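Down below is the structure, laid out as structure tokens.
The values are calculated or read from the model by the stated rules, or taken from the named source; none is laboratory data. Predicted, not measured: the structure shown is a model, and the values here were computed from it. Cβ placement follows ideal geometry from the backbone for every residue including glycine, while neighbour counts extend to all protein chains displayed. Just the protein is used for accessible areas: all its heavy atoms, side chains included, with ligands, DNA and RNA removed. Shrake-Rupley method; radii C 1.70, N 1.55, O 1.52, S 1.80 Å.
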Number of protein chains: 2
Amino acid sequence: MGLCTMKSKKDKTGIGIIGLGERGLGTLPLLLAMDDIEVAAVCDLYEDRVAKGVQLAIDAGKAAPACFSDYNQVISLDCVDCIIITTSWTSHPEILMAALNAGKPAATEVGGASSLNECWDLVRNCERTGTPCMMLENCCYGREEMALLQMVRQGVFGELIHCRCAYEHDLREQVARGVENRHYRFHNYQHRNGDVYPTHGLGPLAKLLDINRGNRFVSISSMATKSRGIHLWAREHLGSDHHSSVIDFAMGDVVTSMIKCARGETILLTHDTSLPRPYSRGGRVQGTKGIWIEDNASIYIEGKSPLDAWEPFSRYMEKYEHPLWQKSSIQEYCAGHGGMDYLVLRAFIENVRDKSILPIDVYDMASWMAVTPLSEQSIALGSMPVPFPDFTDGKWINRKEEAPSKYGLNKTL
Amino acid sequence: MGLCTMKSKKDKTGIGIIGLGERGLGTLPLLLAMDDIEVAAVCDLYEDRVAKGVQLAIDAGKAAPACFSDYNQVISLDCVDCIIITTSWTSHPEILMAALNAGKPAATEVGGASSLNECWDLVRNCERTGTPCMMLENCCYGREEMALLQMVRQGVFGELIHCRCAYEHDLREQVARGVENRHYRFHNYQHRNGDVYPTHGLGPLAKLLDINRGNRFVSISSMATKSRGIHLWAREHLGSDHHSSVIDFAMGDVVTSMIKCARGETILLTHDTSLPRPYSRGGRVQGTKGIWIEDNASIYIEGKSPLDAWEPFSRYMEKYEHPLWQKSSIQEYCAGHGGMDYLVLRAFIENVRDKSILPIDVYDMASWMAVTPLSEQSIALGSMPVPFPDFTDGKWINRKEEAPSKYGLNKTL
């Protein structure tokens, strides 16, 4: 335990993965299947999770990674070239900053920030150290999201006016059983009322809307409903004595937020995870020439669609398929969450290796993660609009469109 | 012109209709087809519209109504028992109050208020005179909306948590050609930025949510996008010299509002009439047991629908059809806007005649119409939440569910 076992460091990128809960153990097989990297170290506070990680490596015919419970030890290993963080939401920034300060490029799983200051610290540490970091927002690499990005760039929607996104996912069981399953979501829902999970929807929209590159989020107003869903589920499934049946949950069942952008577009963002419903990311992209809506899988483009009638989006998907989705193999697509997990990991690994620009950078990360504390503030103030910090310190005005890179979102090398 | 021609006043209710624009001339044939009323007088500021109204009466084999350009003369006619107002939005309250003060029950077409004070005046005039008034919100009588009301009352959705509604209707041509077509929408879009047309979606939701009867709207936060759609349409279709191509429109293309209710539910309201898109009222009803969404015509009810999968709403429509839609004849349904225009007119006429409670009363009207000035205020203040007045002066806490009446929404006599 704890020793670096990598043999062939020169040829392969050494990865340290920190956090082996559900997401970490889901990511590990994708990494283990890549020939140009070696999972050199794994880390979790719980020994049983670490053991599962090691077993996955052995099952994949790879060398057992070094094992740790202290993330600092992973970061300090010579054989670890970069860090992937799959821990609980609230620990992402702390671990990210430790990695940046050690000069190790780092990528983190998605989640909202706890405070605005944390977002600023992340930006300043990244700027000061010059070490790149990236958020692994897999939905930016979703097949539909990438096709929509192509369509927006080619002007299919005209000038963008209004967009919507959501995280609508029935997570009542995950929250209610959170304590016994060691899932941090429970404690967040117990104590916080805001959009704690904004990036799956907002990340792809931010890319469409050129956020931090000619546009920025200016203000947000949020509103929460009463809290009912977790209690009711817990009472029915876990009994009226279970702690999830009796404690007060601060989190409203549905949280809606309106975001104003500098160029005059608005975004409606929804967090809806405590009620029974089919999954949706509630997408809508609306411009001067047409509109796409996720929930009916349809699109309307003036002059192309039949007058006043929806068309299936599938036809447009084929036409505007992103090059990355055209060239990757079916096996890769099927590896996790429809392939987007694979693509976002490759974007991080290959661009770090090539010292290229990362397609989701620290300014993206800070402004997306800031939605969580900002929405909490707005709700606490009775839906008062609160201002977004400009994490670029004014550079958003002149920052150009993302440069082409391997696995780039706009243009792929 | 101007003389009362009714012969058989004892048997029939005499109606005066004020305003013969598109909506008035659309309503007139429905009234002319009813055997128990007589259209005794018609009124408009434009003679050509009045002439069209008279022609419609003659074509229907009815006596020519008396004709006026001054609505006060219609109201003062002995042969006019009640008033129907189908004028421009901003003139509704003034004409309504004139009718109430003359002791004539009055119904008005839909639209938002210009000021909060106007809403208060309407409430105070109605209370003081004891003369009933009603908003002809036809969508409260829509087939889907009424089935949903039945479902909510029977607990199908559990406790309501979050609802959505919208007026999503491509009206670019109507606005851009508003001056030449004498349509007031033009001037409203030129000068106002808010949700100027909230009631088609909000009226039915207010009924589901017991607004003013155990619940009330507490606050609203609104946000508007930039304004692009009317200009672009006008330039393309009317030329770059046309006034609609050059003036500034205050109205944002998409206006979203979040409304908080006293019982803890939230409502998302959208006004989206300046961009190309198919029509929708953007409905969503979400409770602790399930969710209905208009845009995919689907519903999910926990324990009834297949796990995590949408079901067609049509199956539920059949089961929960409102009694009014079960018993009315197909001919009536087809008469206008799918029958809901007929139903809302009958609700007014029959309940006024029977001196019964009107299913949409002055408190409903005031709180729905108030959304317009409140949303304008919120937008002007950068999406600040603004408080709803309590037009019931606290009576909402103990006001009971609407009493059964002929053409009642909850229960029909």
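So if I place +1 on the C-beta of Lys and Arg and -1 on the C-beta of Asp and Glu, and nothing else carries charge, what would the dipole magnitude of chain A be about its Cα centre? I want it in debye, nearest 20.
Using Cβ point charges on Lys, Arg, Asp and Glu, chain A gives about 680 debye.
Taking +1 at the Cβ of each Lys and Arg and -1 at the Cβ of each Asp and Glu, which of A:ALA106, A:VAL152, A:ASN125 sits farthest along the dipole of chain A towards its positive end, judged by Cα position relative to the Cα centre?
Looking along the dipole axis, the top candidate is A:VAL152.
What nm value, rounded to one decimal, do you get for the distance between A:ALA297 and B:ALA380 when each label is placed 7 Å out toward the C-beta?
Once both label points are built, they end up 4.7 nm from each other.
Determine the shielding of peptide B:214-225 by partner chains: average, over its residues, the number of Cβ atoms on other chains within 10 angstrom of each Cβ.
4
In a Gaussian network model over chain A where Cα atoms closer than 10 Å are linked, find which of A:GLU265, A:GLU118, A:GLU47 has the largest mean-square fluctuation.
For chain A, modelled as a Gaussian network with Cα springs under 10 Å, the answer is A:GLU47.
Quick query: amide H of A:GLU38 versus all other amide H atoms, modeled in the peptide plane; which residues come in under 5 Å with a sequence gap of 5 or more or a different chain?
A:THR13, A:GLY14, A:ILE15
Taking the Cα of B:TYR279, stepping 7 Å toward and past its beta carbon, and measuring to each backbone N in the range A:305-326: which are under 16 Å?
A:307-310
Give me the tail of P(r) for chain B as a percent: Cα-Cα pairs with distance above 36 Å.
Value for chain B (Cα pairs over 36 Å): 25 percent.
Heavy atoms only, probe 1.4 Å: what % of the accessible area of the range A:69-120 goes to carbon and sulfur, would you let me know?
Carbon and sulfur together cover 45 percent of it.
Please give the length that would be gained between B:SER115 and B:TYR46 if that part of the chain were fully extended, namely 0.36 nm times their separation in residues minus their C-alpha to C-alpha distance (nm, one decimal).
Full extension from B:SER115 to B:TYR46 adds 22.2 nm.
Rounded to the nearest 20 debye, what is the charge dipole size of the protein assembly as shown about its Cα centre when +1 sits on each Lys and Arg Cβ and -1 on each Asp and Glu Cβ?
Value, rounded to 20: 60 debye.
Round to a whole number: what % of the accessible area of the range A:245-368 belongs to carbon and sulfur, probe 1.4 Å?
Details: 2270 of 4220 Å².
Carbon and sulfur: 54 percent of the exposed surface of the range A:245-368.
Taking the Cα centre of the range A:77-178 as origin, work out the dipole magnitude from +1 charges on Lys and Arg Cβ and -1 charges on Asp and Glu Cβ, in debye rounded to 20.
Here the size comes out at about 100 debye.
For chain B, set up a Gaussian network in which alpha carbons nearer than 10 Å are linked by springs, and say which option among B:ARG213, B:ARG143, B:ARG128 fluctuates the most.
Checking each option, the largest mean-square fluctuation is seen for B:ARG128.
Within 13 Å, Cβ to Cβ, of A:THR256, how many net charges do the neighbouring residues add up to if Lys/Arg are +1 and Asp/Glu are -1?
Taking every Cβ under 13 Å from that of A:THR256, the sum is -1.
Just want to confirm a number: the relative contact order over the range A:222-279, from Cα pairs under 8 angstrom separated by 6+ residues, in percent.
RCO, the range A:222-279: 35 percent.
Take the alpha-carbon centre of the range B:375-413, take the same for the range B:258-318, and report the distance between them in whole Å.
21 Å
Let me have the 222 nm mean residue ellipticity of the protein assembly as shown computed from DSSP H runs of 4+ only, each contributing -39500 (n - 2.57), with the sum over all residues rounded to the nearest 500.
When only DSSP H runs of four or more count, the value is -10000 deg cm²/dmol.
In nm, to one decimal, how far is the B:ASP308 label point from the A:SER76 one, both placed 7 Å along Cα→Cβ?
Spacing of the two 7 Å Cα→Cβ label points: 4.3 nm.
With chain B treated as a Gaussian network of Cα nodes joined by springs under 10 Å, which of B:GLY239, B:GLY16, B:GLY339 yields the largest mean-square fluctuation?
Per the Cα network of chain B with a 10 Å cutoff, B:GLY239 tops the list.
What number comes out for the charge environment of A:ALA106, summing +1 per Lys or Arg and -1 per Asp or Glu over other residues with Cβ under 12 Å away?
Local charge sum for A:ALA106: -2.
When DSSP beta bridges are limited to those with both residues in chain A, what percentage is antiparallel, rounded to the nearest 5?
50 percent
Nearest 100 Å², what total accessible surface is buried between chain A and chain B (probe 1.4 Å)?
Numbers: alone 17090 and 17100 Å², together 29910 Å².
Rounded to the nearest hundred, the buried surface is 4300 Å².
Counting only protein heavy atoms, probe 1.4 Å: which residues of the range B:378-412 lose 20 Å² or more of accessible surface in the full assembly compared with their chain by itself?
Residues passing the criterion (a loss of at least 20 Å², heavy atoms only) are B:GLY382, B:SER383, B:MET384, B:PRO385.
Write down, largest first, the equivalent ellipsoid semi-axes of the range A:77-207 in whole Å, where each equals the square root of 5 times an eigenvalue of the alpha-carbon gyration tensor.
On the way: eigenvalues 144, 112, 38 Å².
Each semi-axis is √(5λ); the values are 27, 24, 14 Å.
Sum up the charges of everything whose Cβ sits under 14 Å from the Cβ of B:LEU374, counting Lys and Arg as +1 and Asp and Glu as -1, but leave B:LEU374 out.
Every neighbour counted, the sum reads -1.
Can you give the FRET efficiency for B:ASN101 and B:ALA250, using 1/(1 + (r/R0)^6), R0 = 25 Å, r = Cβ-Cβ distance, to the nearest 0.05? Mind dumping the intermediate values first?
Details: r = 33 Å, r/R0 = 1.32.
E(calc), rounded to 0.05, equals 0.15.
Keeping all protein chains in place, calculate the accessible area per residue for the range A:119-176 (probe 1.4 angstrom), answer in Å².
That works out to 28 Å² per residue.
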